[in-house]
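Okay, so here's the structure we're looking at.
The values are calculated or read from the model by the stated rules, or taken from the named source; none is laboratory data. Keep in mind it's a predicted model, so treat the numbers as computed, not measured. FYI the Cβ positions are ideal-geometry reconstructions off the backbone, even for glycines, and counts take in every protein chain you see. Quick note on the areas: whole protein, heavy atoms, side chains included, nothing else; ligands and nucleic acids left out. Shrake-Rupley method; radii C 1.70, N 1.55, O 1.52, S 1.80 Å.
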Amino acid sequence: MNGLLKAEKFKPPWIIAHRGFRAKYPENTLIAFQAALDAGVTMIELDVTPTRDGKLVVMHDKTLDRTTNGRGPVNGYFLKELKKLDAGSWFNPVFASQHVPELEEVMELVHGRALINIEIKPNPDDDPHPSDAIERQVVELVNRKNAHDAVLISSFDRTVLEKIESLENPPALALISRDPADSSTITFCRRLNIFSWHPNHSMLSHEQVNLMHSAGIRVFPYNADTPEDVQRMFDMNVDGIISNDPLFVIDWLKHNKIA
Ligand code: G3P
Ligand code: CA
């Protein structure tokens, strides 16, 4: 059975830190996740990608260029090479000591303090690993860490979610989308017992939220960061927000007496 069993312990609305506290810290680094935990988020969101030797590291892009001082594809490097890179200076030189974390390191940091949303992006065509390697490794790690009831695995790619669901003891699943939901979305979500739907906030409507709620699926829009965005999302009765600035959302909720 896949299910986020700890969900009941967390009162809505959920505040989900997108790539950590990305507005103020270098994304997908330990300091960004620590800052999100300190802010009191419900969940942290991160992106996972494989190294040349098949280890799982936390990085959004398939290449090192934007967020480290390295160059080229992440899966062209061994873990020990990636560990030497500076993953913080691109954001601000004060974060020069930040490195590219392994998924396991982040899970150990977060353990018991928040839920974890692990996003899996599709493998590039030239990936040297088996096509379901990431899915198998993530599920194996989650179960080895006894984190099955604290992890939500999300993807834009439905085949990624199908692969996870076919494995033994899969964690809860979420579908990310840039497009509005329709009846085929509901059919897919029901088939895989999807826990939540993560749309881009800019295309979300009240009708979409109602449609997903009528199917028992929670709605967590992403990249809602401004007061206008946040107001619009909660006016539509979303179940939480995936934000780059989780502290702003927490303060907004307090100010508006929703939290
Ligand atoms: O989970 C939603 C969001 O993280 C998806 O977009 O590109 O920021 O990973 P991206
Ligand atoms: Ca992501």
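Numerical summary
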{"quantity": "Within the stretch 174-199, considering residues that are out of contact with any Asp or Glu (no Cβ under 9 Å at 6 or more places or on another chain) and charged (D, E, K, R), the one modelled with the highest pLDDT", "calculated": "Arg190"}
{"quantity": "Any pair with Cβ under 6 angstrom, 6 or more apart, that starts in the stretch 195-216 at a residue that is within 23 Å of Glu165 (Cα to Cα) and more than 13 Å from ligand 1 (Cβ to nearest atom) and ends at one that is open to solvent by 30 Å² or more (accessible area, probe 1.4 Å) and not in a loop (DSSP other than H, G, I, E, B)", "calculated": "none"}
{"quantity": "In the stretch 117-169, the residues that are open to solvent by 30 Å² or more (accessible area, probe 1.4 Å), within 16 Å of ligand 1 (Cβ to nearest atom) and not hydrophobic (A, V, I, L, M, F, W, C)", "calculated": "Lys121, Pro122, Asn123, Pro124, Asp157, Arg158"}
{"quantity": "Matching entry among Thr49, Thr42, Thr29 (being within 13 Å of ligand 1 (Cβ to nearest atom) and polar (S, T, N, Q))", "calculated": "Thr49"}
{"quantity": "Filter result (exposed (fewer than 13 other Cβ atoms within 10 Å of the Cβ) and under 30 Å from Lys145 (Cβ atoms)) within the stretch 170-208", "calculated": "Arg190, Arg191"}
{"quantity": "Residue match in the stretch 13-23 (condition: surrounded by 16 or more Cβ atoms within 10 Å (Cβ to Cβ), of a type in the set (Lys, Arg), in contact (Cβ under 8 Å) with a residue 24 or more places away in the chain and more than 16 Å from ligand 2 (Cβ to nearest atom))", "calculated": "no"}
{"quantity": "Some residue of the stretch 210-222 being open to solvent by 50 Å² or more (accessible area, probe 1.4 Å), assigned to a strand (DSSP E or B) and of a type outside the set (A, V, I, L, M, F, W, C)", "calculated": "yes"}
{"quantity": "Residue match in the stretch 87-105 (condition: touching a Leu at 6+ places or on another chain (Cβ under 6 Å), buried (at least 20 other Cβ atoms within 10 Å of the Cβ), part of a helix (DSSP H, G or I) and not charged (D, E, K, R))", "calculated": "yes"}
{"quantity": "Given (1) more than 14 Å from Asn117 (Cβ to Cβ); (2) surrounded by fewer than 19 Cβ atoms within 10 Å (Cβ to Cβ), index of the condition Met233 fails", "calculated": "(2)"}
{"quantity": "Residue in the stretch 81-90 that is more than 28 Å from Ile15 (Cα to Cα) and in contact with a helix residue (DSSP H, G or I) (Cβ under 9 Å, 6 or more places away or on another chain) present", "calculated": "yes"}
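One line per residue, one yes/no per condition, for (1) buried (at least 20 other Cβ atoms within 10 Å of the Cβ); (2) within 13 Å of ligand 2 (Cβ to nearest atom); (3) more than 19 Å from Phe156 (Cβ to Cβ); (4) in contact (Cβ under 8 Å) with a residue 40 or more places away in the chain:
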| site | (1), (2), (3), (4) |
| --- | --- |
| Asn28 | yes, yes, no, yes |
| Ala35 | yes, no, yes, no |
| Glu45 | yes, yes, no, yes |
| Arg52 | no, no, yes, yes |
| Leu56 | yes, no, no, yes |
| Met59 | yes, yes, no, yes |
| Asp65 | no, no, yes, no |
| Gly70 | no, no, yes, no |
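Rundown of residues vs (1) more than 15 Å from Lys55 (Cβ to Cβ); (2) within 16 Å of ligand 2 (Cβ to nearest atom); (3) modelled with pLDDT under 95; (4) in a strand (DSSP E or B), yes/no style:
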| residue | (1), (2), (3), (4) |
| --- | --- |
| Gly112 | yes, no, yes, no |
| Ser154 | yes, yes, no, yes |
| Leu161 | yes, yes, no, no |
| Asn169 | yes, no, yes, no |
